[in-house]
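I am attaching a structure below and will ask some questions about it afterwards.
The values are calculated or read from the model by the stated rules, or taken from the named source; none is laboratory data. Small disclaimer: the values here were computed from a predicted structure and weren't measured. No Cβ is skipped: glycine too gets one built from the backbone with ideal geometry, and neighbour counts run over all protein chains shown.
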């Protein structure tokens, strides 16, 4: 079952208490795809890059089973670039630079075979782009998942609500859930958001795990305590990509299977933060991943 991913493919410059790296590989679409490829081998990525993007990185994606025909390459263009500095506690961060570059003209046109995908992951782009992609699908996908952020709540409220109406799974953090719903209690916030259209809501709480809400109830997934976190930049996107890759590979979008997918995604994200950029995701093995899933099981069993 095909999984179409729409998101950014970008360069990052990152500074944390554990070091600094210049112009490394990043972007939500990149993390989504690399994470999903641990579970699924029919991934189609839609994005835009400049001619400055390394050809060897496209080749590495293709070797992972990621179809890159949906990535538009703008000759003489520059790829999206973000620079940020994390605080000592690694929870807060300051954005130092955001250069949209070719992303400013992103107008996704899905290849014909992408339009029949059963699973669709919409990264944190404008609500208009998210709806544009949905409108290109030939039939209703089995599952449409969407990420967004408080910026779109501030500047594109009406469009955002229209986009949310069209998705099955919304993934946001606790601050965004409170802003979207107007409720401080996350239980009340989830109840209100689920009336906006989605069947499922995942509220990400960073180092405190994630919450899954649906008509079937609530599932609480812990975060794995780690001795060292070197770079949290792609953790949320890795979590989402792992979840979607697992769901697409199993073909099961039940509440019970979504619980398992959340743990799989959390396990991957716990590896992602151990090094900068994709460095740890490139090397994680199936055995290591299963070991960490087992660790999650151990810490929640009583």
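Do we have residue 293 as more than 25 Å from residue 41 (Cα to Cα) and surrounded by fewer than 23 Cβ atoms within 10 Å (Cβ to Cβ) here?
Numbers: more than 25 Å from residue 41 (Cα to Cα): no; surrounded by fewer than 23 Cβ atoms within 10 Å (Cβ to Cβ): yes.
Criteria not met by residue 293.
Let me ask something else about it. Working carefully through the options 171, 121, 149, find the one that is surrounded by fewer than 16 Cβ atoms within 10 Å (Cβ to Cβ), under 26 Å from residue 49 (Cβ atoms) and touching a helix residue (DSSP H, G or I) at 6+ places or on another chain (Cβ under 7 Å).
149
A further question on this structure: Quick check: is even one residue across segment 67-86 at pLDDT 95 or above, out of contact with any helix residue (DSSP H, G or I) (no Cβ under 8 Å at 6 or more places or on another chain) and within 20 Å of residue 148 (Cβ to Cβ)?
Looking for residues that are at pLDDT 95 or above, out of contact with any helix residue (DSSP H, G or I) (no Cβ under 8 Å at 6 or more places or on another chain) and within 20 Å of residue 148 (Cβ to Cβ), one finds at least one in segment 67-86, hence yes.
For residue 39, work out the one condition from (1) touching a residue at least 40 places away in the same chain (Cβ under 8 Å); (2) surrounded by fewer than 21 Cβ atoms within 10 Å (Cβ to Cβ); (3) touching a helix residue (DSSP H, G or I) at 6+ places or on another chain (Cβ under 7 Å); (4) in a loop (DSSP other than H, G, I, E, B) it doesn't fulfil.
All conditions are met except number (2).
Next question, about the same structure. Run down 191, 207, 176, 183 and say which single residue is in a helix (DSSP H, G or I) and more than 17 Å from the chain's Cα centre (by Cα).
That would be 191, the only listed residue that is in a helix (DSSP H, G or I) and more than 17 Å from the chain's Cα centre (by Cα).
For every residue, the table says whether it meets (1) touching a helix residue (DSSP H, G or I) at 6+ places or on another chain (Cβ under 6 Å); (2) closer than 24 Å to residue 35 by Cα; (3) part of a helix (DSSP H, G or I).
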position: 134; (1), (2), (3): no, yes, yes
position: 144; (1), (2), (3): no, yes, no
position: 153; (1), (2), (3): yes, no, yes
position: 158; (1), (2), (3): no, no, yes
position: 161; (1), (2), (3): no, no, yes
